[in-house]
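Each remark here refers to the structure printed beneath this line.
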Amino acid sequence: MKSPLLSLPGAVPAEGRDEGVAAHYGDLFREQRALADGSGLVDLSHRAVVTVTGDDRLAWLHLLLTQHVSDLAPNQATEALILTANGHIEHALYLVDDGTTVWMHAEPESQGVLIAYLESMKFFYRVEVADRTEDIAVVHLPAGSIAEVPDGVAVRETPHGRDLFLPRADLEAYAAAHGPAAGILAYEALRIEAHRPRLGFETDHRTIPHELGWIGTAVHLQKGCYRGQETVARVHNLGKPPRRLVFLHLDGSEVHLPGHGTPVRLAADGVEGRQLGFITTSARHHELGPIALALVKRNVAVDAELIAGDTAAAQETVVEP
């Protein structure tokens with residue numbers, strides 16, 4: 001769905017998974033600084049929006065998700081995963097319950113598969129699942145923002161800012177009143193800086209939550225009864241994940257950023273050395289310069305000098321080996 005904010009001056013459309021919103025509005029670093037200072041907003045209206053209503057909504061979701069939500073208090077934000085039977089990550093959901101409805105947003109175009117799974121698991125529970133993507137737009141306000149939230153709008157309040165579930169018809173007027181708008185590239189740069197994984201970027205078909213630091217934030221270890229729980233418990237109690245997420249400071253003299261999938265190797269082995277991982281997301285940060293997240297083998301030394309493609313990379317630990 002194409003956002004009306006793409007008609008704003010300077011808007012450059014995003015590509016790939018974020019198609020439908022602006023990559024930037026003409027000044028990437030200015031937009032990043034505005035978000036870091038707590039001003040402006042980010043148009044996330046391309047993201048899937050799903051609601052669950054009914055008396056059993058929290059008890060039912062508690063059985064399906066990795067997060068403990070049976071006693072979720074009204075207006076308390078949380079995040080959760082849906083795993084495969086083998087414990088691999090299938091969906092990442094960002095939720096809030098407003099007292100009558102659970103609101104969640106997920107990756108763009110994922111609502112069809114997500115709703116199909118939820119519908120297949122309803123059984124006798126008193127719940128209704130709805131796709132609200134066409135009439136609700138997600139808008140992100142950065143941490144520290146004093147922008148007004150309209151009455152009746154569900155809000156996810158987190159340390160990183162607030163996600164508003166705004167009527168899509170109100171998006172242009174809200175942006176005009178509470179902008180300036182910042183593009184998805186600015187939002188992604190700050191996400192990388194905060195070491196926050198994103199489904200489809202930091203994940204592949206075999207990613208388990210332990211590799212990305214989602215244990216605790218999206219996975220509650222004191223609950224069971226969800227698909228993939230056995231793998232989560234076994235790795236936590238008996239072993240280590242095969243890979244770990246790292247944050248990389250990239251050589252700022254390089255013109256091109258290493259893209260998703262770029263091989264990561266030991267710097268000492270050079271570009272022909274054995275691949276130890278790959279770049280998941282990279283960005284140019286307004287203060288840190290070129291940065292990235294990467295998945296590497298667990299046994300890579302935490303102080304090892306790396307290269308991403310032919311770009312030198314110094315690592316910071318996100319997930320302990």
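Would you confirm whether any residue within the stretch 309-316 is part of a loop (DSSP other than H, G, I, E, B) and either closer than 20 Å to His68 by Cα or charged (D, E, K, R) (or both)? Lay out the reasoning, then the answer.
First, pick out the residues of the stretch 309-316 that are part of a loop (DSSP other than H, G, I, E, B): 309-310.
Checking which are either closer than 20 Å to His68 by Cα or charged (D, E, K, R) (or both) leaves us with 310.
Within the stretch 309-316, one or more residues are part of a loop (DSSP other than H, G, I, E, B) and either closer than 20 Å to His68 by Cα or charged (D, E, K, R) (or both).
Considering Thr281, Thr231, which residue is touching a residue at least 40 places away in the same chain (Cβ under 8 Å), open to solvent by 10 Å² or more (accessible area, probe 1.4 Å), closer than 19 Å to Arg198 by Cα and among the polar types (S, T, N, Q)? Explain how you work it out, then say what you get.
Numbers: Thr231 fails: closer than 19 Å to Arg198 by Cα.
None of the others qualify; the one that does is Thr281.
If you check Leu93 against the conditions, is it open to solvent by less than 40 Å² (accessible area, probe 1.4 Å) and either of a type in the set (Lys, Arg) or part of a helix (DSSP H, G or I) (or both)?
On the way: open to solvent by less than 40 Å² (accessible area, probe 1.4 Å): yes; either of a type in the set (Lys, Arg) or part of a helix (DSSP H, G or I) (or both): no.
Here the answer is no, as Leu93 does not meet what is asked.
Would the stretch 34-45 turn up any residue that is at pLDDT 95 or above, within 30 Å of Gly224 (Cβ to Cβ) and buried (at least 19 other Cβ atoms within 10 Å of the Cβ)? Break it down stepwise before answering.
Taking the stretch 34-45 as the starting set, the residues that turn out to be at pLDDT 95 or above are 34-45.
Those left that are additionally within 30 Å of Gly224 (Cβ to Cβ): none.
Taking every residue of the stretch 34-45 in turn, none turns out to be at pLDDT 95 or above, within 30 Å of Gly224 (Cβ to Cβ) and buried (at least 19 other Cβ atoms within 10 Å of the Cβ).
I'd like the residue in the stretch 235-246 that is modelled with pLDDT of 95 or more and of a type in the set (D, E, K, R) and, out of all such residues, is least open to solvent (accessible area, probe 1.4 Å).
Here the answer is Arg244.
Against the definition (within 30 Å of Leu61 (Cα to Cα), without any contact (Cβ under 8 Å) to a residue 40 or more places away in the chain and crowded, with 16+ Cβ neighbours inside 10 Å), how does Ile208 come out, yes or no? Show your work before the answer.
Working: within 30 Å of Leu61 (Cα to Cα): yes; without any contact (Cβ under 8 Å) to a residue 40 or more places away in the chain: no; crowded, with 16+ Cβ neighbours inside 10 Å: yes.
Taking the combined requirement at face value, the residue does not satisfy it.
Going through the stretch 218-227 one residue at a time, which ones are in contact with a helix residue (DSSP H, G or I) (Cβ under 9 Å, 6 or more places away or on another chain) and either outside any loop (DSSP other than H, G, I, E, B) or of a type outside the set (D, E, K, R) (or both)? Quick ask: steps written out before the conclusion?
Quick first cut of the stretch 218-227, residues in contact with a helix residue (DSSP H, G or I) (Cβ under 9 Å, 6 or more places away or on another chain) only: 218-219, 221, 223-227.
Ala218, Val219, Leu221, Gly224, Cys225, Tyr226 - these are the residues of the stretch 218-227 that are in contact with a helix residue (DSSP H, G or I) (Cβ under 9 Å, 6 or more places away or on another chain) and either outside any loop (DSSP other than H, G, I, E, B) or of a type outside the set (D, E, K, R) (or both).
From the list Leu72, Leu141, Leu118, which residue is in a strand (DSSP E or B) and over 14 Å from the mean Cα position of the chain (by Cα)? Can you show your working first?
On the way: Leu72 fails: in a strand (DSSP E or B); Leu118 fails: in a strand (DSSP E or B).
Leu141 is the lone residue from the list that is in a strand (DSSP E or B) and over 14 Å from the mean Cα position of the chain (by Cα).
The values are calculated or read from the model by the stated rules, or taken from the named source; none is laboratory data. The structure presented is a predicted model; accordingly, all values stated were derived computationally and were not measured. Cβ atoms come from the backbone with ideal geometry, glycine included; neighbour counts cover every protein chain shown. Note: areas computed on protein heavy atoms with side chains; ligands, DNA, RNA excluded. Shrake-Rupley method; radii C 1.70, N 1.55, O 1.52, S 1.80 Å.
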